[in-house]
Amino acid sequence: MTNIKTVGVIGAGQMGNGIAHVCALAGYDVLLNDADAARIDAALGVIDKNLNRQVTRELVGKSDADAARKRIKGSALKDLGACDFVIESIVEEHDAKKQIFADLRSVLRPDAILASNTSSISITRLAATTDRPDKFIGVHFMNPAPVMELVEIIRGLATSQETYDTTLEFVGKLGKQIANAEDFPAFIVNRVLVPMINEAIYTLYEGVGSVEAIDKSMRLGAHHPMGPLELADFIGLDTCLSIMQVLYEGLADSKYRPCPLLVKYVEAGWLGRKTQRGFYDYRTDPPTPTR
Ligand code: NAD
């Protein structure tokens, strides 16, 4: 099995920064890449803040947090040749991911494992666009990665047993629990969760309840820690829409059709917390419902 020392993370967005954080804290050297250099700087700032919070809450020792910070470095794509394991976590768009995998062909060592943090796209389909389908696997972290216990592991048709075994050991060393999911659209967590969110958006669209009534109902009536609309804003409405589109197309069942209101919010660029506005406006404290 490959001995993993250096991990590459491509995409320094909300998931990428959390994955880099978790890997560094587990003792791996991390090279963090993004197409937008400003996103890397922002991610390093977020990681610093989140490590401080873990120290304050006595979840992590100060010296461990300091050591983790030193292990993460911003990196150009061409420098990821130093990595034993690379996790792609860029936007949930098949063509963008395909382009990254093409760019990595001349960069990665032949023995390096390539993983995707995709929420919904077929691992087999993504693997076929790489130069290493046998060394390609899905590792689906939950948001926020430093807090959530689970990682779904998804094998593509061509994923080798060795790749699976190495990944299992690696994810175990990150201190995460594992669920094996078969390679079908949106795997397990999002197959169940995102249609529930889409239904909550239909409930709003059809005027059954207000934003506040829907979230309150699910928090207090179903004991969900967050209401579905609040959760949609947290995940990112663009990501929610992409997942619904993958379910709709991949399972060819009209029950997965994305709610037109979700489409409208994404078209407006109201993507949730990351753009300050979604079903709530986060520029006010407390956030104000936008409908
Ligand atoms: P995000 O929008 O916060 O971040 C995406 C990042 O990718 C941005 O920093 C962007 O600059 C960068 N990027 C885009 N194209 C790139 C390229 N060609 N090369 C390098 N960087 C590029 O998105 P996110 O929420 O972090 O999602 C990233 C991935 O993780 C997606 O596949 C998503 O489905 C998956 N995911 C998301 C969640 C969630 O709750 N948001 C949970 C699990 C998995």
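Any read-out appearing in this document is the output of simple, stated calculations on the displayed coordinates, not a laboratory observation. Please read these numbers as outputs of a predicted model, since none were measured by experiment. So basically every Cβ, Gly included, is an ideal-geometry build from the backbone, and we count neighbours across all protein chains shown.
Quick look at the values:
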| read-out | value |
| --- | --- |
| Estimated translational D of segment 189-289 in µm²/s (Stokes, Kirkwood radius over Cα pairs; 20 °C; 1.002 mPa s) | 159 |
| Folded to 0 to 90 degrees: helix 37-56 orientation relative to the chain principal axis, Cα | 80 |
| Computed E for Lys264/Ala128 - FRET, C-beta separation, R0 45 angstrom, nearest 0.05 | 0.85 |
| Taking Tyr248, Tyr28 and counting other C-beta atoms within 10 Å, the order from fewest to most | Tyr248, Tyr28 |
| Given 16 as the ceiling on other Cβ atoms within 10 Å, longest exposed-site-free region of the chain for GluC sites (Glu not before Pro) in DSSP loops | 207-291 |
| Residues in segment 69-111 reached by a label modelled at Glu249 [backbone nitrogen below 13 Å; 7 Å Cα→Cβ] | 92-98 |
| Spatial separation of Cα centroids for segment 197-260 and segment 69-145, in angstrom | 29 |
| Additional length obtainable on full extension of the chain from Lys73 to Ala35, 0.36 nm per residue less Cα span | 12.2 nm |
| Estimated 222 nm signal from helices in the chain, with DSSP H stretches of n ≥ 4 weighted -39500 (n - 2.57), rounded to 500 | -14000 deg cm²/dmol |
